[in-house]
1. Being more than 9 Å from chain C (Cβ to nearest Cβ), surrounded by 18 or more Cβ atoms within 10 Å (Cβ to Cβ), within 15 Å of residue A:349 (Cβ to Cβ) and over 24 Å from the mean Cα position of the chain (by Cα) is the filter here, so list the residues in segment A:368-403 that pass it.
2. What's the total number of residues in segment A:245-272 that are open to solvent by less than 10 Å² (accessible area, probe 1.4 Å), away from chain B (no Cβ under 11 Å) and aliphatic (A, V, I, L, M)?
3. Taking the stated definitions as given, is residue B:6 open to solvent by 10 Å² or more (accessible area, probe 1.4 Å), over 24 Å from residue C:188 (Cα atoms) and within 11 Å of chain A (Cβ to nearest Cβ)?
4. With respect to residue C:69, determine if the residue is within 14 Å of another protein chain (Cβ to nearest Cβ), part of a loop (DSSP other than H, G, I, E, B) and either within 27 Å of residue C:129 (Cβ to Cβ) or of a type outside the set (A, V, I, L, M, F, W, C) (or both).
5. Filter segment A:53-99 down to the residues that are at pLDDT 95 or above, in a loop (DSSP other than H, G, I, E, B), surrounded by fewer than 24 Cβ atoms within 10 Å (Cβ to Cβ) and not hydrophobic (A, V, I, L, M, F, W, C) and list them by number.
6. Look through segment C:156-202, keep the residues that are touching a residue at least 40 places away in the same chain (Cβ under 8 Å) and polar (S, T, N, Q), and return whichever of them is surrounded by the fewest Cβ atoms within 10 Å (Cβ to Cβ).
7. Out of (1) open to solvent by 10 Å² or more (accessible area, probe 1.4 Å); (2) more than 24 Å from residue A:98 (Cβ to Cβ), the odd one out for residue A:287 is which?
8. I need the full set of residues from segment B:130-162 which are more than 20 Å from residue A:89 (Cβ to Cβ), of a type in the set (A, V, I, L, M) and touching a strand residue (DSSP E or B) at 6+ places or on another chain (Cβ under 9 Å), in order please.
Amino acid sequence: MATKLLLAKAHVEGIRHFEVYRREGGYAAVEKALKMEPAAIVEEVKKSGLRGRGGAGFPSGMKWSFLAKPEGVPRYLVCNADESEPGTFKDRYLMEFLPHLLIEGLIVSSFALGSNRTYIYIRGEYAWIVGILEQAIAEAKQNGFLGKNILGSGFDCEIYVQRGAGAYICGEETALIESLEGKRGNPRIKPPFPAIKGLWDCPTVVNNVETLAAVVPILNMGGEEYAKIGVGRSTGTKLISACGNINKPGVYEIEMTLSVEEFIYSDEYCGGIPNGKRLKACIPGGSSVPILPANLLLKTAKGETRLMNYESLSDGGFATGSMLGSGGFIVLDEDQCVVKNTLTLARFYRHESCGQCSPCREGTGWMEKILTKIENGKGAISDIDLLWDIQRKIEGNTICPLGDAAAWPVAAAIRHFRDEFEWHVNNPELCQTQNYGLAHYADPIHVPA
Amino acid sequence: MVKFSEDKLKEVQSMIDRYPEGKQKSALIPLLHLAQEDFGGWLSAETMDYVGSLLGIEPIEVYEVATFYSMYNLKPVGKHVFEVCHTGPCMLKGSDDIIAYIKTKLDIKVGETTADGLFTLKTVECLGACGYAPMMQMGIDYREHLTEAKVDEIIAACRNKQ
Amino acid sequence: MSEAVKTVKVTIDNITVDVPMGTTILQAARMIGGDVVPPAMCYYSKLQGSGGKCRTCLVEVSKGSEADPRPMPKLVASCRTGVMDGMEVKNMTSPKVEDARNGVVEFLLLNHPLDCPVCDQAGECHLQDLGYQHGKQGTRYEFKRRTFEKHDLGPYIQLHMTRCILCYRCVFTADQLTDKRAHGILSRGDHAEIATYIEKSLDNNFIGNVIDVCPVGALTDKTFRFKNRVWFTKPVNAHRDCKCCSGKVTLWQRGEEVLRVTARKDQWGEVEEWICNECRFEKKKTTDWTIEGPTHVSRHSVISQGHYENTIKPKETFTAVHGGRNPQLLMDIHSVSEVNDPSIDLSQINGPATSDVYNHSTKQA
């Protein structure tokens with residue numbers, strides 16, 4: 001069995017409640033942290049090599065150390081629970097089943113960063129989880145882990161849950177801050193970064209749910225021990241939410257030494273592809289990251305076994321690799337149409353563009369229209385080239401990463417599945433009733449039916 | 001006239017108290033949720049103006065926010081709103097068929113409300129339930145692993161509640 | 001503590017300039033002037049918080065600073081990026097910038113109705129200029145262009161949402177010049193629009209300035225609507241004693257008639273001093289104003305074709321480069337060619353001149 005640092009206790013009866021969580025060793029990290037210097041906690045997180053689990057993978061300790069600390073100005077910690085990247089539902093699982101783990105991580109992190117008011121910004125659709133979290137907050141407060149003078153340390157902290165109202169863009173940290181201020185979720189133009197000027201113009205750290213939960217085991221075991229799990233710069237464990245055409249969709253905690261092949265086919269994880277179908281492609285890190293055909297997914301272009309970690313999944317760059325991203329693992333079997341899949345993602349990004357900057361506002365809709373045309377058998381070969389040119393002109397030229405997120409799936413689909421796009425163009429009628437199938441991207445593994 | 005009850009007004013105040021002095025505008029998004037639940041499932045201009053007045057902000061600041069977020073209804077909706085996800089992962093698991101089935105079953109198009117005002121059908125983008133696809137949101141609940149039989153059950157249950 | 005503002009050196013397209021710390025790349029480029037200045041559709045130096053949205057002013061930072069010479073990984077919005085000492089920027093000289101800017105112009109024009117022939121902004125439209133300088137002929141967009149429901153903003157301001165490029169300038173203007181903003185950006189993404197949500201006329205005394213800051217024909221002066229093309233009107237500077245504003249304006253006249261009043265604009269097309277609605281909309285007689293004289297208009301502008309400004313002959317440069325000597329005729333063309341023989345009076349020839357006529361007349365001569 002792989003090490004489980006976050007979900008080990010997920011199935012303990014009543015773990016949602018304070019007494020059970022506490023009996024299972026919960027809140028030890030808070031007790032330990034409050035006896036430490038805040039800077040020492042930041043140091044532990046740095047040593048752990050923890051990287052942001054929201055998608056970007058930025059070293060968390062480093063992010064924390066950027067936080068400005070001007071005299072007399074409050075600092076804020078904001079927990080990003082706006083989980084909206086298609087394919088990603090790991091934070092939901094963590095909050096739903098282990099709310100106290102997040103609250104514990106938040107208290108430790110708030111103490112380390114000096115935040116007396118900490119906010120959890122949760123996507124509006126996760127309405128029932130708001131109640132679960134508020135219950136956990138109330139229990140922690142009753143037991144002296146929140147509120148004034150926590151455990152006699154002199155540290156005050158309140159945690160509030162703020163519900164969003166339906167906007168993917170609010171997962172971008174500056175859009176999240178705008179939304180938390182009661183405004184439209186328009187990302188801010190950076191610099192200044194939130195570490196200098198964030199919530200209400202005060203220094204702010206925004207971290208993903210899983211990142212903040214991971215602070216608990218880091219404190220408990222020490223940063224160095226945490227760093228021993230995993231490989232290279234992919235330390236610790238990662239939550240992967242697996243979905244699409246697999247036998248066992250769900251949330252899995254993995255060590256980042258696991259191979260992609262084992263993750264898909266082992267019964268401990270996804271349990272293979274249903275109905276004896278074969279693997280066609282996979283989007284390994286949430287809808288924004290490049291889709292990979294089976295042959296590049298299981299092995300890198302160099303022929304090495306691909307592992308479920310930051311470095312291995314991005315091996316080969318965008319030419320032959322992808323990204324670990326948020327850990328939203330979407331599997332496509334041989335019956336799936338890459339054009340259709342790309343179209344639904346393009347539609348998603350058009351729908352979620354805030355509309356502030358022109359390449360994203362105009363480009364996302366244009367891509368969706370062209371993809372619709374191709375999907376409906378009305379496209380031309382020149383449309384594929386046009387699509388490529390549009391995504392190229394969006395990428396890197398927008399205010400926030402939504403532009404890149406919209407461009408990459410289209411780019412990768414054309415890069416690896418151009419023949420399928422061309423087949424749609426050349427077989428306008430056939431493509432309405434039939435799928436292209438596997439072509440030469442066949443899964444090298446034989447799976448018995 | 002739209003006006004919250006005394007109890008609700010207490011809830012409003014506790015929402016405003018979550019933020020530092022002078023930052024009450026931050027309560028706008030939660031307040032709009034509350035107003036939508038309380039005043040018929042949608043936000044009329046009058047409702048939005050009222051929310052603005054509670055926070056001491058200009059009406060346009062409320063309209064700007066209410067029109068930005070997809071969870072606010074700016075037009076009246078049916079008693080039960082089916083918001084079916086049709087983004088990539090749900091599409092892979094057959095959300096298109098579920099949408100088509102609901103359309104035939106209720107005899108409405110996407111975005112429409114049934115004549116009896118009972119059901120509204122909407123398609124929405126990813127709701128973070130990709131592993132439990134196909135799925136839809138109904139009020140604050142998620143209905144997951146949808147099948148035609150399950151849709152039948154849900155519709156029947158809604159009708160029975162009448 | 002020294003009060004002196006620290007100056008830093010920044011090089012844009014190989015031209016180095018000293019600017020105060022905190023200056024943006026765009027402002028530094030404007031200090032240099034000429035072709036190195038990136039175009040700006042949303043940035044407005046007089047409106048706090050503006051800029052960063054349209055992406056037309058993207059530039060390449062090939063050297064971050066003296067201290068950290070690494071280039072910036074992406075193109076940056078020059079209007080919102082501060083200079084660093086020793087920074088090197090490429091605008092005109094960067095193929096990457098040219099490519100990205102072409103893309104941005106295409107995106108901005110994608111859903112634009114291109115109704116210039118009936119648009120009051122034509123002739124002074126920044127999007128026209130931008131398209132002319134950085135755009136391509138034709139469009140690759142084959143779908144129906146976006147339209148919006150019409151909104152009435154009252155008796156003074158005409159809104160054409162289809163022309164809007166969502167620069168947000170008018171929102172900043174209302175926020176910063178008026179005490180109650182009544183219009184804003186509604187909806188999101190490609191459906192985002194300028195509107196009031198409920199039918200409402202904009203009537204704040206300074207709201208008319210949204211017309212001047214609008215880079216396109218989305219917000220135009222209703223009192224000037226379809227009255228004339230701007231290039232047929234003659235801009236003159238004028239002023240009056242006004243209780244609310246500076247009273248310094250530009251009158252746009254046709255003959256003695258004042259067709260339109262606007263604020264005065266600087267060389268970047270930005271308002272010099274905001275004016276009130278009374279000056280803008282109510283004072284349409286020359287007797288309301290003290291005329292100062294013609295407004296200077298760039299000779300590249302279509303408005304300058306009216307030649308209303310004192311026509312000054314360009315200075316003779318030839319004598320200067322020849323050390324004061326008058327130019328001498330190097331060669332008389334007629335010594336080698338019969339074309340345009342001065343002895344032939346073309347006006348005396350019946351009908352259009354053809355080579356036959358020419359040959360005939362030379363023979364006669």
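1. Listed by number, the residues that qualify are A:371, A:387.
2. The number of residues fulfilling the criteria is 4.
3. Numbers: open to solvent by 10 Å² or more (accessible area, probe 1.4 Å): yes; over 24 Å from residue C:188 (Cα atoms): yes; within 11 Å of chain A (Cβ to nearest Cβ): no.
Against the criterion (open to solvent by 10 Å² or more (accessible area, probe 1.4 Å), over 24 Å from residue C:188 (Cα atoms) and within 11 Å of chain A (Cβ to nearest Cβ)), residue B:6 does not qualify.
4. Details: within 14 Å of another protein chain (Cβ to nearest Cβ): no; part of a loop (DSSP other than H, G, I, E, B): yes; either within 27 Å of residue C:129 (Cβ to Cβ) or of a type outside the set (A, V, I, L, M, F, W, C) (or both): yes.
The answer is no for residue C:69.
5. A:74
6. Across segment C:156-202, the extreme among qualifying residues is C:201.
7. Of the numbered conditions (1) open to solvent by 10 Å² or more (accessible area, probe 1.4 Å); (2) more than 24 Å from residue A:98 (Cβ to Cβ), the odd one out for residue A:287 is (1).
8. Hits for segment B:130-162 are B:151, B:154, B:155.
The values are calculated or read from the model by the stated rules, or taken from the named source; none is laboratory data. Note that the structure is predicted; figures quoted are calculated from it, not measured. Cβ sites come from the backbone with ideal geometry, for glycine too, and all protein chains shown count toward neighbours. Ligands, DNA and RNA are excluded from the accessible area calculation, which covers all protein heavy atoms including side chains. Shrake-Rupley method; radii C 1.70, N 1.55, O 1.52, S 1.80 Å.
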